[in-house]
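Accompanying notes for the structure given below.
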Amino acid sequence: MTPFRELDPLLHSQLRLAIMSILISVDRAEFTYLREKSDATAGNLSVQIGKLRDAGYISVSKSFGESYPQTLCSITDLGRKKFAEYVAALGDYLKSP
């Protein structure tokens, strides 16, 4: 039996995995969109976005649009790579006898 690959602990958090799953399928997403789709509180979402940004998995840009601040997130090349590795490792677990 092949030993299981370690699952990336950064992506193994439910909310961080949700953020990455949303961002993998879009060019970029605004903070409020991520909050609505993940059903997270603004504070918790902000903390988890910060962890993903600090790891280089996502990029975050802030601007001011239509009289309110806007935070846009997008997945980086490193984030795409790490997400693919995570999905592949998880697939190994699911294929296990």
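Ser61 passes every criterion in (1) farther than 17 Å from Leu7 by Cα; (2) touching a helix residue (DSSP H, G or I) at 6+ places or on another chain (Cβ under 9 Å); (3) of a type in the set (S, T, N, Q) apart from (2).
Quick one: in segment 72-96, which of the residues that are over 20 Å from Leu23 (Cα atoms) and in contact (Cβ under 8 Å) with a residue 12 or more places away in the chain is farthest from the chain's Cα centre (by Cα)? By that ranking, first place goes to Ser96. Inspect segment 57-72 for any residue being assigned to a loop (DSSP other than H, G, I, E, B), at pLDDT 95 or above and surrounded by fewer than 17 Cβ atoms within 10 Å (Cβ to Cβ) and give the result as yes or no. No: segment 57-72 contains no residue that is assigned to a loop (DSSP other than H, G, I, E, B), at pLDDT 95 or above and surrounded by fewer than 17 Cβ atoms within 10 Å (Cβ to Cβ).
Consider segment 3-16 and keep the residues that are free of Cβ contacts under 8 Å to residues at least 40 places away in the same chain and crowded, with 17+ Cβ neighbours inside 10 Å. The one that is farthest from Ile75 (Cα to Cα) is Leu15.
The values are calculated or read from the model by the stated rules, or taken from the named source; none is laboratory data. Just so you know, these numbers come straight off a predicted model, no measurement behind them. Cβ sites come from the backbone with ideal geometry, for glycine too, and all protein chains shown count toward neighbours.
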